[in-house]
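Q: My questions all concern the structure below.
The values are calculated or read from the model by the stated rules, or taken from the named source; none is laboratory data. Remember, it's a predicted structure, so these values are computed and weren't measured experimentally. Every residue, glycine as well, gets a Cβ built from its backbone with ideal geometry; the counts of neighbours run over all protein chains shown.
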Ligand code: SF4
Ligand code: SF4
């Protein structure tokens with residue numbers, strides 16, 4: 001039985017504004033009109049609401065650093081919750097902000113999509129060098145930095161380069177995730193990875209994870225659990241308990257720029273409003289969130305032995321089939 005204490009991770013989109021116009025941005029951020037997001041006092045109220053149970057809050061956007069009050073918000077979040085993360089393209093982070101980020105112990109997730117030529121083609125000229133400069137300065141200041149890479153068929157071949165770059169930069173980790181045909185990404189539908197490509201990537205990442213030195217390598221994809229012997233054993237030992245996999249509605253919700261609560265940023269099903277609704281009631285009673293926890297509601301995943309540790313990407317299932325309980329197109333099983 002999932003309770004409020006299980007809601008450990010909350011991501012809050014603090015703006016749809018952005019200094020860049022990245023080609024496959026899933027939110028089409030930076031276009032116009034772009035929502036500036038909740039007011040500073042409202043974001044603080046969100047923090048107040050989640051702090052009794054959440055462990056990690058992630059600020060995302062858009063580009064969070066376009067907000068003038070971003071350091072004040074990060075400081076407030078850091079004084080309220082054990083872990084604060086912010087996703088950024090890095091370009092707008094100012095030198096004078098870096099010591100403060102270090103003192104708040106904020107974790108920086110900096111987007112990097114490949115080598116300079118590829119990254120700049122996607123995000124704009126000069127953005128690769130700008131991001132690298134900021135990463136180096138953050139690492140020097142002792143800030144925990146994770147590179148954040150969105151992978152499509154176009155940059156699958158750059159994974160090894162990125163793993164090497166993470167090592168050279170001395171970052172804490174590198175996170176990979178699937179590119180999705182959402183927002184401006186709709187135009188790049190043909191580049192969304194096939195299930196064979198998801199499998200190949202998962203196996204490559206597992207291999208990289210076997211190295212004990214260097215950055216922590218993560219594939220944010222539930223399917224990777226199906227090739228991890230330890231996770232597979234967990235599924236066999238406890239076939240009816242959720243012990244990993246897609247965390248949407250299991251240990252996680254997303255708060256969109258207007259305050260709407262969704263199971264995940266990519267699963268655009270609003271289940272309530274973070275300031276207008278009782279979060280505990282939402283978490284415990286939302287039919288969408290309840291369905292995500294009920295094996296009997298799943299289609300292809302229901303009879304699958306990997307259900308406790310996987311359940312596929314519910315957002316990709318939704319966009320491919322119209323049902324968030326349908327089959328994940330990335331599943332190779
Ligand atoms: S059927 Fe579902 S649970 Fe099984 S491996 Fe595929 S996505 Fe995972
Ligand atoms: S729906 Fe997909 S992107 Fe969202 S938490 Fe689940 S696996 Fe991750």
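Q: Identify, please: which residue in the stretch 277-292 is surrounded by 21 or more Cβ atoms within 10 Å (Cβ to Cβ) and more than 19 Å from the chain's Cα centre (by Cα) and is, among those, nearest to residue 307 (Cα to Cα)?
A: Residue satisfying both the conditions and the ranking: 283.
Q: Out of the stretch 214-232, which residues are touching a strand residue (DSSP E or B) at 6+ places or on another chain (Cβ under 7 Å) and within 11 Å of ligand 2 (Cβ to nearest atom)?
A: Selection gives 219, 220, 221.
Q: What pairs can you find where one residue is in the stretch 302-313 and under 12 Å from residue 232 (Cβ atoms), the other is within 9 Å of ligand 2 (Cβ to nearest atom) and part of a helix (DSSP H, G or I), and their Cβ atoms are less than 9 Å apart, with a gap of 6+ or different chains?
A: 306/222; 306/223; 309/222; 310/222; 310/223
Q: Across the stretch 212-229, which residue is farthest from ligand 1 (Cβ to nearest atom) among those that are closer than 25 Å to residue 144 by Cβ and out of contact with any helix residue (DSSP H, G or I) (no Cβ under 9 Å at 6 or more places or on another chain)?
A: Looking at residues that are closer than 25 Å to residue 144 by Cβ and out of contact with any helix residue (DSSP H, G or I) (no Cβ under 9 Å at 6 or more places or on another chain), I get 212.
Q: Let me ask you something else. Of the conditions (1) within 16 Å of ligand 1 (Cβ to nearest atom); (2) modelled with pLDDT of 95 or more, residue 259 clears all except one; give me its number.
A: (1)
Q: Moving on to the next point. Just checking, which of 127, 150 is closer than 25 Å to residue 193 by Cα and under 20 Å from the mean Cα position of the chain (by Cα)?
A: Exactly one of 127, 150 is closer than 25 Å to residue 193 by Cα and under 20 Å from the mean Cα position of the chain (by Cα), namely 150.
Q: Turning to a different aspect of this structure: Take the stretch 301-333 and flag every residue that is farther than 15 Å from residue 194 by Cβ and surrounded by fewer than 16 Cβ atoms within 10 Å (Cβ to Cβ).
A: Selection gives 302, 303, 305, 321, 322, 323.
Q: Here is a follow-up. Hey, can you tell me all the residues within the stretch 69-91 that are touching a strand residue (DSSP E or B) at 6+ places or on another chain (Cβ under 8 Å), part of a loop (DSSP other than H, G, I, E, B) and closer than 22 Å to residue 174 by Cα?
A: Across the stretch 69-91, the qualifying residues are 82, 89, 90.
Q: Within the stretch 297-322, which residues are more than 10 Å from ligand 1 (Cβ to nearest atom) and under 17 Å from residue 181 (Cβ atoms)?
A: 315, 318, 319, 320, 321, 322
Q: Out of (1) farther than 27 Å from residue 206 by Cα; (2) in contact (Cβ under 8 Å) with a residue 24 or more places away in the chain; (3) touching a strand residue (DSSP E or B) at 6+ places or on another chain (Cβ under 7 Å); (4) within 13 Å of ligand 2 (Cβ to nearest atom), what's the single condition that is false for residue 289?
A: (3)
Q: Looking at 274, 253 in this structure, which one is more than 12 Å from ligand 2 (Cβ to nearest atom), on the phi < 0 side of the Ramachandran plot, buried (at least 22 other Cβ atoms within 10 Å of the Cβ) and touching a residue at least 60 places away in the same chain (Cβ under 8 Å)?
A: 274
Q: Quick one: in the stretch 315-330, of everything that is in a loop (DSSP other than H, G, I, E, B) and either without any contact (Cβ under 8 Å) to a residue 40 or more places away in the chain or within 11 Å of ligand 2 (Cβ to nearest atom) (or both), which residue is farthest from residue 269 (Cα to Cα)?
A: Checking each candidate, the answer is 330.
Q: Also, quick follow-up: Within the stretch 186-200, does at least one residue satisfy the condition of being within 30 Å of residue 274 (Cα to Cα), away from ligand 1 (no atom under 15 Å from the Cβ) and surrounded by fewer than 16 Cβ atoms within 10 Å (Cβ to Cβ)?
A: Yes, because at least one residue in the stretch 186-200 is within 30 Å of residue 274 (Cα to Cα), away from ligand 1 (no atom under 15 Å from the Cβ) and surrounded by fewer than 16 Cβ atoms within 10 Å (Cβ to Cβ).
Q: How many residues, within the stretch 247-256, are within 16 Å of ligand 1 (Cβ to nearest atom) and more than 19 Å from residue 284 (Cβ to Cβ)?
A: 0
Q: If you go through the stretch 258-268, how many residues are under 15 Å from the mean Cα position of the chain (by Cα) and not in a strand (DSSP E or B)?
A: Residues that pass the stated criteria total 4.
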